[in-house]
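So the structure is just underneath, and the comments pick up after that.
The values are calculated or read from the model by the stated rules, or taken from the named source; none is laboratory data. Since the model is a prediction, treat every value here as computed from it, not as a measurement. Virtual Cβ from ideal backbone geometry, glycine too; neighbours counted across all protein chains shown. Each accessible area value is taken on the protein alone, full model and side chains, heavy atoms only, with ligands, DNA and RNA left out. Shrake-Rupley method; radii C 1.70, N 1.55, O 1.52, S 1.80 Å.
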Amino acid sequence: LEYAGGANASALQPVVAARDAITAWNQAHPTSPSQAQIIVGVDAGRPSVVSEILAMGVSGLYVQWNGTTPPNITDKIFLDVAFGIVNGRGTLPVGLPLSDAAAAPQLSDLPGDGQHATFVKGFGIPTDMF
């Protein structure tokens, strides 16, 4: 479920690269710092440990559950929400665990069983609130 140190650690590299580019720009241009923001889209087939992503200083997190939207329009939906073209709405169908260790004692057949979650089942912030 975790990214860092796992088989899917490379999935974090684009976030690291974007953060490094913004930092480099800000150091090179201290009088006109970048207003860029990083919004990460996660294709979730299972509850991921997103606390690693949030700790990287991202401005937003969009979780798309695999199979809920046809693949040919998933990217368009993400970009429309990210750029404010449409308002995003939705709630998590399961909690997102704080870590692999926090997820280990959960009952796999009981959504929301985890005691230590980054986000609990039902969490969601509609983008029209901003």
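Here the Kirkwood formula, the inverse mean of 1/r across different C-alpha pairs, assigns the chain a hydrodynamic radius of 16.2 Å. Charging the Cβ of each Asp and Glu at -1 and of each Lys and Arg at +1, and nothing else, the dipole of the chain about its Cα centre rounds to 200 debye.
Over the chain, dividing the summed -39,500 (n - 2.57) contributions of all DSSP H runs of at least 4 residues by the number of residues returns a 222 nm mean residue ellipticity of -8000 deg cm²/dmol.
Shown in residue order for the range 92-103 are the 3J(HN,Hα) couplings computed by the Karplus curve 6.51 cos²θ - 1.76 cosθ + 1.60 at θ = phi - 60°: 6, x, 9, x, 9, x, 6, 6, 4, 4, 6, 7 Hz (x for Gly and Pro).
Given H placed 1.01 Å from N in the peptide plane, which residues other than close sequence neighbours of TYR62 have an amide H under 5 Å from its amide H? Amide H neighbours of TYR62, under 5 Å, 5+ apart: VAL40, GLY41, VAL42. Contact order, relative form, for the chain: 22 percent (alpha carbon pairs under 8 Å, 6 or more residues apart, mean separation divided by residue count).
For GLN27, neighbours were defined as the other residues whose beta-carbon sits under 13 Å from its Cβ, and their charges (Lys and Arg +1, Asp and Glu -1) total 0. Taking every DSSP bridge with both residues inside the chain, close to 25 percent are antiparallel.
Amide H to amide H, with H built 1.01 Å from N, THR118 comes under 5 Å of LEU96, LEU98, counting only residues 5 or more places away or on other chains.
The mean accessible area for residues of the chain, using a 1.4 Å probe and ignoring ligands and nucleic acids, is 64 Å² per residue. Which one of ALA11, LEU92, HIS116 is farthest out on the positive end of the charge dipole of the chain, using unit charges on Cβ (Lys, Arg +1; Asp, Glu -1) and the Cα centre as origin? So the residue furthest toward the plus end is LEU92. One decimal place: the segment ASN87-THR31 gains 16.8 nm when fully extended, by the rule 0.36 nm per residue minus the C-alpha distance. Computed from backbone phi, the HN-Hα couplings of the range 24-40 come to 4, 4, 5, 5, 7, 10, x, 8, 9, x, 5, 9, 4, 10, 10, 10, 9 Hz, rounded to whole numbers (Karplus: 6.51 cos²θ - 1.76 cosθ + 1.60, θ = phi - 60°; Gly and Pro given as x). What part of the accessible area of the chain, given as a whole %, is carbon or sulfur when the probe is 1.4 angstrom? The computed percentage sits at 58.
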